Structures are given as structure tokens and as C-alpha cells.
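Each remark here refers to the structure printed beneath this line.
Values in this text are rule-based calculations from the coordinates and carry no lab data. Predicted, not measured: the structure shown is a model, and the values here were computed from it. Cβ placement follows ideal geometry from the backbone for every residue including glycine, while neighbour counts extend to all protein chains displayed.
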Amino acid sequence: MDVKQYLERINIKTIQPANDSFLAQLHLNHLMAVPFENLDIRQGIRIVLAEKKFYEKIVHRRRGGFCYELNGLFRRLLAELGFSVSI
């Protein structure tokens with residue numbers, strides 16, 4: 001995962017320390033920039049639960065996603081940024 005590309009996708013310009021303030025900014029920006037959408041499901045496109053696929057769809061193709069895609073990729077971003085994440 002290219003963290004800088006993901007941060008650009010959610011309109012974050014600089015990486016900050018993993019603290020509550022940065023977490024709140026990441027969360028808000030993600031909610032505002034990446035919509036929930038289930039177009040693939042409605043179109044009968046096979047869903048593959050793989051972070052690589054989530055990243056391609058959300059970051060490279062600039063689409064939204066459904067809960068597993070959005071939350072799975074956001075969890076990975078937080079871990080890459082040094083946040084403690086559990087599932």
C-alpha cells in the first residue's frame with residue numbers, strides 16, 4: 001500500500017504522529033472523501049475480499065466501497081501510520 005497515495009485520496013497533505021487528533025482528522029476526511037457504495041453488488045460483479053483489490057478500487061479508481069472494503073482498507077492505513085488496530 002502506498003500510504004501517501006491513500007492520504008492524497010482523502011485530502012491529507014502531511015503525515016502526523018499517531019495521536020487522537022490525527023485519528024479524528026483521518027476519520028473525518030475518509031468519511032467525506034470516500035463514499036459508501038454498493039454498485040458492484042448491484043451489477044453482479046464478483047466481490048473479492050482482498051486488501052489489494054480494495055486499494056485498487058478506492059485509491060486508484062477513486063470509487064467508494066461497501067463496509068468490508070472501506071473498513072478493511074482504513075484499518076490497514078491506520079496500522080501503516082502507527083495506530084494500534086484490532087479486529
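Here are some notes:
- Considering only Arg75, Arg63, Arg46, the Gaussian network model of the chain with Cα springs below 10 Å gives its largest mean-square fluctuation to Arg46.
- 3J(HN,Hα) from dihedral phi, the range 57-65, Karplus parametrisation 6.51/-1.76/1.60, rounded to Hz, x for glycine, proline: 5, 7, 8, 6, 8, 6, 9, x, x
- Across the chain, C-alpha contacts under 8 Å between residues 6 or more apart give a mean separation that, scaled by the residue count, equals a relative contact order of 32 percent.
- Remark: the range 1-50 carries a charge dipole of roughly 100 debye about the Cα centre, counting +1 on each Lys and Arg Cβ and -1 on each Asp and Glu Cβ.
- Lys/Arg +1, Asp/Glu -1 at C-beta; the chain dipole; positive extreme among Leu70, Leu49, Gly82: Leu49
- ³J(HN,Hα), Karplus 6.51/-1.76/1.60, whole Hz, each residue of the range 27-40, x for Gly, Pro: 4, 4, 5, 5, 4, 7, 9, 10, x, 6, 7, 10, 5, 4
- Mean ellipticity per residue at 222 nm, deg cm²/dmol - from DSSP H runs of n ≥ 4 across the chain, formula -39500 (n - 2.57): -14000 deg cm²/dmol
- Cleavage-rule hits, chymotrypsin sites (Phe, Trp or Tyr not before Pro), the range 1-41, DSSP coil, Cβ neighbours within 10 Å at most 16: none
- Karplus-derived 3J(HN,Hα), 6.51/-1.76/1.60, for each residue of the range 7-19, Hz, glycine and proline x: 4, 4, 4, 9, 6, 10, 8, 9, 7, 10, x, 6, 9
- Between 0 and 90 degrees, the angle of helix 67-80 with respect to the longest Cα principal axis of the chain falls at about 30 degrees.
- Considering only Asn71, Asn29, Asn19, the mean-square fluctuation computed in a Gaussian network model of the chain, springs between alpha carbons under 10 angstrom, is largest for Asn19.
- 20 Å cut-off, amide nitrogen to a point 7 angstrom out along Ile15 Cα→Cβ, residues in the range 25-44: 25-30
- Long-range tail of P(r) for the chain (Cα pairs > 18 Å, %): 39 percent
- The charge dipole of the chain, taken about its Cα centre with unit charges on the Cβ atoms of Lys, Arg (+1), Asp and Glu (-1) only, comes to about 280 debye.
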